[in-house]
Amino acid sequence: MEPLQSQTAVLRDLHRALVRRRFAQIEPKLRLELAALGLLIGAFLFWHTRVSFDGLARSHGPLAVLEAAAGLCALLAALGGALAGARHAARLHDPPGPPWLALPLPPAWLARHLAWESRAFALGAIAAAPGILFAAVGLVPLWWLGLLAAAFVWMVLAGGRIGCAVAAFVMARRAPPGPGLHPLVRTLATASHPVRGAPRRGVRWRTRPAWLALCEKDLLLSLRPTSARRRLVTPLLLGLLSLWCWALPAPPALALTEAEVRALEHVSAFALALVAAATLGEWLIALSGEDPFMVLRGLPLGVGVIWGSRALWAMAFAAALVLAHAASARPLAPEARLVFLVWTGGAALAIALLGANYGVTLFPRAEIAQRLYALSLGLAVAGSLMIPLMGWIVLLAGLIHSALRLPGWTRLEEPA
Amino acid sequence: MMSVAGLTRRYGRLLALDEVSLEVGSGEVVGLLGANGAGKSTLLRTAAGLQPPDSGTVLLDGIDLWRDAVEAKRRLGYIPEEPTFYDELSAEEYLAFLAAVRGLEPGSARRRAAELFARLGLVGRTDEPVGRFSHGMRKKLSFIAAVLHRPPVLLCDEALEGFDVAASLSAKDELRALAGGGCAVLFSSHVTETIERLCDRAVILHRGRVARALRRSDWGAPQPEPSPLERAFLSIAGAEAP
């Protein structure tokens, strides 16, 4: 066994190489787009917190501003920690890299490395902090902010460590007992299992257009234990919840008027329908992630057929939402119902199509597509909150931009 | 036939293919030899349309792969070195999907798949999810997927690696039959013996360039097939030599 110092150096070198390589894999254009998105999120946070901080400074003094900023930073760090933990649990299920247990590595070393990989997700929280810190500039002494920034970085790192530790603990608890074995070894030993499932009988060899064959394959994969199946449950549940909004009784304690109840139903049904569409977009991206690059690129399929098969799901979902809401939104006046249906259908379609576009144009990098999709939708929500209809403009801009990238599909490559 | 002209491909500073030109005629099986990193897989991946070249053209059955990719790929079969599948689908579901996308007649595609399953020893496993398959079984399925539609051009990257003796002999017979029907086969392998037995010509790739081209007469008569050792194995395994 190598001395600890040497193992630490090996780990450090590996991490440096991985960071360098992963950064190099992001295209320069995508780097600029990500930076612009980060800047816009920061600007949004600045926009929203500056006014509140200013009010706090006037009414309660600079200490109250510091407390509020520290509270927001702690919230961000906790969010980052939770993200890292969730990511770590998923990674322990199927850790990337070599067959780790076959290597002569101490489990503690391996645990540190895998946690490092997952903690990178917590660092995303750092991108959001400058907006909050800049919002406090001029309201509190600068050196306070310097200290807060340092404390925030520490909080993010600690949050990531705690999140990963909790995930490792939970995964180890789930693993079968193995006396004398390190918890990580037990977790990894049970993580890599062959694909589950019973034999598939009754295969139908039928003539059908390529787009239909693709849709059928997507459906099959969504019924089998894949990441696509996990992603499909959420939009279906949220879609049903959005319908349920129309039937929910108003809490008597609130003593709402009839008009207020209608407005509450209207807003909650609309919001849940859009969130359902957003999660459907995530499912469409997950489907792209299920497509093996060599299989899809080796087939005589143009981007039109591939995009069309995914867009069809988006259209079917939007149409189903509209039809179901048309039947459920009876409390609304006919004109109001029509407006609601048009807006809900249009927004749901645009949101889900954005997911389809990212899934196809960033194929086979489904993880990057998921992140960009979340960022774009976050930006659209932020835009909506800042200026009425701004969210639509952001959404449509994202849709057009991603659609313009579709012709480049033929030149996409598998990441090295 | 297949024609590659002036194909160049870089990975950053590494020049993986340097102005490679070669032709594989209809009915011809051409072996592709080269050391690790010589550019064999890069050549096959680029010729299969998985990655664009920096320059040069690939014609599959007379169709420019990068101008009319869909039409060109209708005529192509490609066996990658490390095949990937939809692991949750069964072998038969996967082939039925490929057959539909390629527009094959369902009845004949099914019969052909059943025949290839039998010849390569996959009968009884075709309803299992592919994710359960061993490496050799995955390679066999990849072979079947590539030849199911009897393509006019077939690119093989270490196609027989991982095959057992009986399946390897059957697969070579299938390749010869395809070539007999006019298919142009480019067959990359590290096993010179396989190339000697199977190929009409061979091309040696070195540092991304075609270093030498040889004809069958250049390497003389290959070992008889099956060899005595293969015969011994087949007698114990209970399979008949094809």
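The values are calculated or read from the model by the stated rules, or taken from the named source; none is laboratory data. Predicted, not measured: the structure shown is a model, and the values here were computed from it. When we count neighbours, we look across all protein chains shown, and the Cβ atoms used for this are built from the backbone with ideal geometry, even at glycine. Heavy atoms of the whole protein, side chains included, go into the accessibility calculation; ligands, DNA and RNA do not. Shrake-Rupley method; radii C 1.70, N 1.55, O 1.52, S 1.80 Å.
Here is how the numbers come out for the structure above:
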item	result
Calculated FRET value between residue A:257 and residue A:326, using beta carbons and R₀ = 22 Å, to 0.05	0.30
Stretch gain in nm, segment residue A:236-residue A:387, where the contour uses 0.36 nm per residue and the Cα spacing is subtracted	51.3 nm
Unit charges on C-beta of K, R, D, E only; dipole of the range A:210-411, Debye	540
Loop GluC sites (Glu not before Pro), the range B:164-242, which have at most 14 other Cβ atoms in a 10 Å radius of their Cβ (DSSP)	B:240
Average beta carbon contacts from partner chains per residue of B:69-78, 10 Å cutoff	4
Exposure rank, largest accessible area first [A:56, A:321; 1.4 Å]	A:56, A:321
Heavy-atom accessible surface of the range A:210-411: percent carbon and sulfur, 1.4 Å	76
Residue A:63/residue A:31 FRET efficiency (R0 51 Å; Cβ-Cβ; nearest 0.05)	0.85
Prolate/oblate/rounded label for chain A (Cα gyration tensor, a/c 1.5)	oblate
Residue of A:347, A:333, A:276 that the Gaussian network model of chain A assigns the largest fluctuation, springs spanning Cα pairs under 10 Å	A:333
Segment residue A:182-residue A:264, length gained on full extension (0.36 nm per residue, minus Cα span)	24.3 nm
Mean residue ellipticity (222 nm) of chain B, computed from DSSP H runs ≥ 4 via -39,500 (n - 2.57), nearest 500	-11000 deg cm²/dmol
DSSP loop trypsin sites (Lys or Arg not before Pro) with at most 14 other Cβ within 10 Å excluded, longest remaining stretch of chain A	A:207-416
Accessible surface of residue A:101 - all protein chains present, 1.4 Å probe, nearest 10 Å²	80
List of the range A:287-320 residues, accessible area with partners at least 30 Å² below that of the chain alone (1.4 Å probe)	A:292, A:294, A:295, A:297, A:298, A:299, A:300
The range A:210-411, accessible area per residue, ligands and nucleic acids excluded (1.4 Å, Å²)	43
Peptide-level mean, for A:202-211, of C-beta atoms on other protein chains within 10 Å	6
Heavy-atom accessible area per residue - the range A:26-189, 1.4 Å, Å²	54
Contact surface A-B: accessible area buried, both sides summed, square angstrom, 1.4 angstrom probe	3700
Residue B:23 accessible area, assembled protein chains, probe 1.4 Å, Å²	100
Kirkwood-based Rg to Rh ratio, the range A:26-189, C-alpha trace	1.11
10 Å Cβ neighbours from other chains, averaged over peptide B:130-141	1
For the range B:79-101, residues shielded by at least 30 square angstrom of accessible area compared with the chain on its own, probe 1.4 Å	B:84, B:86, B:88, B:89, B:92, B:93, B:96, B:97, B:100, B:101
Of B:40/B:73; A:217/B:172; A:217/B:140, pairs whose Cα-Cα distance is over 25 Å	A:217/B:172
Exposure ranking of B:14, A:37 by accessible area [1.4 Å probe, largest first]	B:14, A:37
Fluctuation leader among A:23, A:134, A:46 - chain A, Gaussian network, Cα springs under 10 angstrom	A:23
Structure-based [θ]222 nm, chain A - -39500 (n - 2.57) summed over DSSP H runs of at least 4, per residue, nearest 500	-26000 deg cm²/dmol
Mean Kyte hydropathy of 0.5 or more with a Cα span along the axis of at least 30 Å, helices from DSSP in chain B	none
Beta bridges per DSSP with both ends in chain B, % antiparallel, nearest 5	55
Charge dipole (debye, nearest 20) of chain A; +1 at Cβ of Lys and Arg, -1 at Cβ of Asp and Glu	1220
Positive dipole terminus of the range A:26-189, leading residue within A:106, A:62, A:138 (C-beta point charges)	A:106
Gaussian network model of chain B, springs between alpha carbon atoms under 10 Å - residue of B:170, B:26, B:227 with greatest fluctuation	B:227
Three-way shape label, chain B, alpha-carbon gyration tensor, a/c 1.5	oblate
Kyte-Doolittle mean at least -0.5, axial Cα span of 24 Å or more - DSSP H helices of chain A	A:4-25, A:28-60, A:62-93, A:142-174, A:227-244, A:258-290, A:303-328, A:334-361, A:366-386
Shape call, the range A:210-411: gyration tensor on alpha carbons, a/c limit 1.5	prolate
Surface share of carbon and sulfur [accessible, 1.4 angstrom probe, percent] for the range A:26-189	75
